Amino acid sequence: AVRLAEKGTSGEIRIHIDAVCDGNPVQRAEQVFFALGMDKTALRNGVLIYLACESKVFAVIGDKGINDVVPEHFWEDVTAMMGAEFRAGRFTEGLSQGVLMVGEKLQAFFPYQKDDVNEQPDEISFGK
């Protein structure tokens, strides 16, 4: 889903999975975002989808470039859709749909250019 979502954009999407989140998932997502160097993309258009499976929490955060251009409630819409899928037991579908929703916005605001470089790995990262 990440490769498909990034196909038409210069934006970068990462997924990070922890087993447990001891605090606020948004704050943990921010820590991971910076630890992965996602704030270092040329256009500041990185997006992190953070999940803590055992804690059953998640967050979706974007860097300044994407935050400045998406509609006001975009991140809430993404997390609401993902949350509904997760509550229904459709974890893979919720995650994939979330990635694709983010990818659509990245494509709209940061279309692929022929000199674009994949600045972040597409693989899922794992933490604590």
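The values are calculated or read from the model by the stated rules, or taken from the named source; none is laboratory data. Because the structure is predicted, anything quoted here is derived from the model rather than measured. Please note that ligands, DNA and RNA were not included when accessible areas were found on the heavy atoms of the full protein model with its side chains. Shrake-Rupley method; radii C 1.70, N 1.55, O 1.52, S 1.80 Å.
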- Sequence-distant or interchain residues sharing an amide H contact under 5 Å with S55, placed H: which? C21
- Within the chain, percent of DSSP bridges classed antiparallel, to nearest 5: 45 percent
- Quick shape check on region 64-128: root eigenvalues a ≥ b ≥ c of the Cα gyration tensor, a/c under 1.5 is rounded, otherwise prolate if a/b tops b/c, else oblate, and it reads oblate
- If the cut-off is a Cα-Cα distance under 20 Å, which aspartates and glutamates reach K114, setting aside same-chain residues fewer than 8 apart in sequence? E6, E12, E104, D122
- Average accessible area per residue (Å²) across the chain - probe 1.4 Å, nucleic acids and ligands excluded: 54 Å²
- Expressed to one decimal in nm², the mean projection of the alpha carbon convex hull of the chain is 7.0 nm²
- Taking every DSSP bridge whose two residues both lie in region 1-75, the antiparallel percent to the nearest 5 is 45 percent
- Item | Computed helical MRE - 222 nm, the chain, DSSP H runs ≥ 4 contributing -39500 (n - 2.57), nearest 500 | -12500 deg cm²/dmol
- Solvent-accessible area, 1.4 Å probe, carbon plus sulfur percent, for the chain: 54 percent
- Message: Given 37 °C and 0.692 mPa s, compute D for region 8-75 with the Stokes-Einstein relation, Rh being the Kirkwood radius over Cα pairs; round to the nearest whole µm²/s.
- Response: 268 µm²/s
